[in-house]
Structure formats: structure tokens, C-alpha cells
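Peer 1: Can you read through this structure? Questions will come right after.
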Amino acid sequence: MPEPDVPTLRTGVLALQGDVREHVRALTSLGLDPVRVRRPEELAACDTLVLPGGESTTIIRLLRTFDLLEPLRARIAGGLPVLGTCAGMILLADRVLDGAPGQETVGGLDVTVRRNAFGRQVDSFEGPVEVSGLDEPVHGVFIRAPWVEETGADVEVLARAGGRVVAVRQGALMATSFHPEVGDDVRVHRLFVDHAAAHLPTTYDIG
Ligand code: GLN
């Protein structure tokens, strides 16, 4: 099978709230031309998507307002590769602990995350994190970050910090508690894009 041509991947960054610009910059520096996704047509045109950090309760509300929630769920069910960072991890999780009352998620990732988990000890911290698939640790930036408290059978743990699971992958979905888009190190984005390119669904409904 020929190597997937990463630069031709149509990559989107959900651009409703959060650190959109940083993800756009990281993907651009990998040679991609990311689209800011705010409308269903923009989502439909993406082969991969990043859900940025920000505030998960705000983003889920805006996903509904912008008529993106059900289309996004449908695309994820169809195999859309998605990277969720921090709030994006919460959005991808099937189950949330310490969420806002009635907090919904997009779902798809068979994990239970605890929202603001590290935040109850200390709001933000930074440090080296070893990520499976990368030779050298990344500099993990955690800002009121969730951790993964339970993982389903198909979930691969990619990283831990302080004994807690902070990066996971399941099929085409990947999520980190920390913010790989902060700074100039784009290896986590590269890991996502390479994996995504190798796991694109052969057909999907772009309607
Ligand atoms: N605590 C935020 C939330 O619940 C996530 C923080 C972040 O993305 N930096 O969405």
C-alpha cells in the first residue's frame, strides 16, 4: 500500500472557542493547510479534526448552536480521526466525572475522564511527559487539565503523568490532557497526523 500523502490531508480545527490559533499554527508547520471549522460544510470537507483546549461546557453548547454536534458524532462514528486536547479530551470522552450538571460530550472515546482533575491540586503545571511512539519526552503543559480515570478494552494508553493517564488512543481517536499546541514542538501533532493518515476510513458520508 502506498504511504498516505500527509500534506494532502484536509485537516480542520474546531474553531468555536479555545486555543484554535495554536493548533492551526502547529498543523501549518507540518505542511498542512488547516481549515477553521465552524459550519457543517467545513466539517464535511475535513479528513481529520482537532478539538482544541478551552472550556468543554462552552464548546459543547456552541456545537449545538452551530448545528455541528450531530454531524460531528456521525463523522466520528464513521471513523473520522480526531485529536482532542484538554477540553477536547473531555469532549471526546464517553463519560465525564466532575462535569457541570448534565454536561454532555461528543463521545466516541471509551474512557471516563475526570474534569479539572489536576486542578484540584494545583491549577497548572508543566513537566516532561513520555509519550509512547516518541523518542524523547514532550514538555507537557497542563491547565486545569482532566485525567483519564478508566479506559475501555480498546483504548491504548500513550502517556502518564504522576501515575495518571494523560494521553490515549482508540482507533482513529487520540486525546491528551495536556496542550501539545503550546510551544514549537509539533511531534504530538505529527504522531496524530501520521496515525490518522494511515487510518482514514475508505468511504465516509460527506453529506
Ligand atoms: N477545565 C476545562 C474544561 O473543563 C479544560 C481546560 C483546558 O482545556 N485547558 O473544559
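Peer 1: Could we say that R21 is assigned to a helix (DSSP H, G or I), more than 12 Å from the ligand (Cβ to nearest atom) and either of a type in the set (S, T, N, Q) or over 25 Å from E150 (Cβ atoms) (or both) here?
Peer 2: yes
Peer 1: Looking at T105, is it part of a loop (DSSP other than H, G, I, E, B), within 26 Å of L63 (Cβ to Cβ) and modelled with pLDDT under 95?
Peer 2: So T105 fails the test.
For every residue, the table says whether it meets (1) hydrophobic (A, V, I, L, M, F, W, C); (2) surrounded by fewer than 18 Cβ atoms within 10 Å (Cβ to Cβ); (3) out of contact with any strand residue (DSSP E or B) (no Cβ under 6 Å at 6 or more places or on another chain).
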position	(1), (2), (3)
L16	yes, no, yes
D33	no, yes, yes
V37	yes, no, no
T48	no, no, no
L51	yes, no, no
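Peer 1: Right, another one. Tell me which strands (runs of 3 or more DSSP E) are completely within the stretch 113-197 and hold 1 or more residues being out of contact with any Lys or Arg (no Cβ under 8 Å at 6 or more places or on another chain), within 16 Å of the ligand (Cβ to nearest atom) and of a type in the set (S, T, N, Q), or say none if there are none.
Peer 2: Fully inside the stretch 113-197 and qualifying: 173-176.
Every residue, every condition in (1) free of Cβ contacts under 8 Å to residues at least 40 places away in the same chain; (2) within 16 Å of the ligand (Cβ to nearest atom), yes or no:
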| position | (1), (2) |
| --- | --- |
| R25 | no, no |
| P34 | yes, no |
| R38 | yes, no |
| E41 | yes, no |
| A45 | no, no |
| L51 | no, yes |
| G78 | no, no |
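Peer 1: Continuing with the same structure: Of the residues L14, L68, which is of a type in the set (A, V, I, L, M) and within 21 Å of V141 (Cα to Cα)?
Peer 2: Among L14, L68, only L14 is of a type in the set (A, V, I, L, M) and within 21 Å of V141 (Cα to Cα).
Peer 1: Right, here's the next one. Kindly evaluate R21 against the criterion of being free of Cβ contacts under 8 Å to residues at least 40 places away in the same chain and within 25 Å of D185 (Cα to Cα).
Peer 2: Against the criterion (free of Cβ contacts under 8 Å to residues at least 40 places away in the same chain and within 25 Å of D185 (Cα to Cα)), R21 qualifies.
The values are calculated or read from the model by the stated rules, or taken from the named source; none is laboratory data. Since we're looking at a predicted model, the values are computed, not measured. Here Cβ is always computed from backbone atoms with ideal geometry, including for glycine, and neighbour counts include all displayed protein chains.
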